[in-house]
Amino acid sequence: AILSTCNRTELFLAIDGENEPEVIQWLASYHAVEADALAPHIYSFKHLKAAQHMMRVASGLDSLVLGEPQILGQFKDAIRTARDALTCGTELEQAFSKVLSVAKRVRTETAIGRNPVSVAYASVNLASRIFSDLASCKVVLVGAGETIQLVAEHLNGQGVRGTDVVNRTLANAEILAASIDGHAWPLTELGDRIQHADIVIASTGASVPVLGKGMVERAQKVRRHKPMFMVDLAVPRDIEPEVGEIDSVYLYTVDDLQAVVEEGLEQRQEAARHADALIREALDDWQREIRGYRAVDTIKQLRDGTQDLSEQELARALKALESGKPAADVLTQLSRNLTNKFLHAPTVALRSAAEQGDL
């Protein structure tokens, strides 16, 4: 299976370790680069270390943004693609089943994804604390850049629909609005749009504020001074500081949200420690299962081997009886031979384990 995101390309394989250079060469050829150019960026994990890495990746513990949820969906997509291509064998299926199970536990049993670690997420998180039913709120987003796109994604995830996207370049507003089932407007319509807004979040990159005190006062007069939640994520500011003086307006800046982000990061780091403990527990359980599978195979081989030995020794004893040897002597020899041969393989294995310190 191949997991490819903006931050990583990883191949999950069930192969002989000697084939690793061939895999690297294939990846280099596919991307039309020299294998030597890839070398500084390649890392490799095997066996339980590989399983641990996959669990941390799927749980969001290895992401640039600690605990981000998108990676789990991307991981599932990679597995689905491998299955469709018929490249997901029994070993990988077992591994992926364990990985997804652990990732689900991490999501449900820890707070890894519940605390804001970006100003975009923090702004939506704060809005959800102020408005009990965020999905019923009318939202205006000012700008269409990366920060506002992230805000739009978080709002969409909270069930907010019909968001107005206001931007100087209408085409960019239309692209963003289409992705969230919203409406696009030129910047000249901003004053009119905020007259219908419960929440206004701005990040345009303009050199001067695009929302002044007078514009907001007029909007609030039309709205009969119902509470308006405003967030200015821009540097320099998109909203005049004086807007915060209006009684019915609650204005927050990127500086206000930074404290929320730092608190959220600390909480996620604590959750990550809990998540790592869950992963270690899962790996221990899995290792016990693997040992159990190996024991079953060993026991089967032992039973098959002893059955063959029993038949051989029994045939030899019957032949001895037919030749007239005393039954007591034959049975004594049969017992001695069976004991020695049955215990030979376990004795060798125990001696080897003792020498290697595995006892």
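Every number in this text was worked out from the coordinates using simple rules, so none of it is lab data. All values derive from a computational prediction rather than experimental measurement. Note: ideal-geometry Cβ built from the backbone for every residue, glycine included; neighbour counts use all protein chains shown.
Highest-first packing order for the peptide set 184-196, 35-47, 19-31, 145-157 is 145-157, 184-196, 19-31, 35-47, based on the mean count of other beta carbon atoms within 10 Å.
Residue separation of Phe131 and Ala328 scaled by 0.36 nm, minus their Cα-Cα distance, works out to 61.6 nm of gained length. Each of [x] 1.27; [y] 1.18; [z] 0.99 is a candidate for Rg/Rh (Cα atoms, Kirkwood Rh); the one calculated from this structure is [x]. In units of the rule-of-thumb radius 2.2 N^0.38 Å, the stretch 2-109 shows an alpha carbon radius of gyration of 1.09.
Once backbone amide H atoms are built at 1.01 Å from N, Thr253 has Asp232 as its partners under 5 Å, excluding neighbours fewer than 5 places away on the same chain. Over the alpha-carbon set of the stretch 181-252, divide Rg by the Kirkwood Rh and report the Rg/Rh ratio to two decimals. Dividing the radius of gyration by the Kirkwood radius yields 0.93.
Largest GNM mean-square fluctuation among Glu34, Glu242, Glu266, using the chain with Cα springs under 10 Å: Glu34.
Using R₀ = 30 Å, calculate the FRET efficiency as 1/(1 + (r/R₀)^6) where r is the Cβ-Cβ separation of Val33 and Thr169; round to 0.05.
Values: r = 36 Å, r/R0 = 1.19.
E between Val33 and Thr169, to the nearest 0.05, is 0.25.
In summary, the lysines within cross-link reach of Lys76, defined as a Cα separation below 18 angstrom excluding same-chain residues under 8 places away, comprise Lys98, Lys104.
About its Cα centre, the stretch 119-262 has a charge dipole of approximately 440 debye under the convention of +1 per Lys or Arg Cβ and -1 per Asp or Glu Cβ, with nothing else charged. When the label point is put 7 Å from the Cα of Arg83 along its Cα-to-beta-carbon vector, which residues of the stretch 1-17 have a backbone N closer than 15 Å? What the label zone holds, given the 15 Å backbone N cut-off, is 1-2. Projecting label points 7 angstrom from Cα along Cα→Cβ for His344 and Glu217 puts them 10.2 nm apart. Placing a label point 7 Å from the Cα of Tyr250 along the Cα-to-Cβ line, the residues of the stretch 201-232 whose backbone N sits under 12 Å from it are 227-231.
In this calculation the C-beta distance from Lys49 to Asp192 is compared with R0 = 51 Å, giving a FRET efficiency of 0.30.
Counting only residues at least eight positions apart within a chain, or on another chain, the lysines with an alpha carbon under 26 Å from that of Lys213 are Lys138, Lys221, Lys226. Note on Asn7 and Arg351: their simple-model spin labels are 5.4 nm apart, each label 7 Å out from Cα toward Cβ. Each residue of the stretch 311-328 is assigned a 3J(HN,Hα), and the resulting list reads 5, 5, 5, 5, 4, 5, 5, 4, 5, 5, 5, 5, 7, x, 5, x, 4, 4 Hz, derived from the Karplus form 6.51 cos²θ - 1.76 cosθ + 1.60 (θ = phi - 60°), x at Gly and Pro. Highest GNM mean-square fluctuation, the chain, Cα pairs closer than 10 Å: which of Ala234, Ala345, Ala206? For the chain, modelled as a Gaussian network with Cα springs under 10 Å, the answer is Ala345. The string of couplings for the stretch 136-145 from the Karplus curve (6.51, -1.76, 1.60, θ = phi - 60°) is 8, 7, 8, 10, 10, 9, 10, x, 8, x Hz, one whole number per residue in order, with x for Gly and Pro.
Radius of gyration (Cα atoms) of the stretch 287-353, expressed as a multiple of 2.2 N^0.38 Å: 1.48.
Charged side chains reduced to their Cβ positions (Lys and Arg at +1, Asp and Glu at -1) give the chain a dipole of some 1040 debye around its Cα centre.
Under 8 Å for C-alpha pairs, at least 6 residues apart: give me the relative contact order for the chain, rounded to a whole percent. 14 percent.
Kirkwood analysis of the Cα pair distances in the stretch 223-309 returns a hydrodynamic radius of 19.0 Å. The phi-based Karplus calculation (6.51 cos²θ - 1.76 cosθ + 1.60; θ = phi - 60°) puts the 3J(HN,Hα) values of the stretch 18-31 at 5, 8, 4, x, 5, 5, 4, 5, 4, 5, 5, 5, 4, 9 Hz, whole numbers, x for Gly and Pro.
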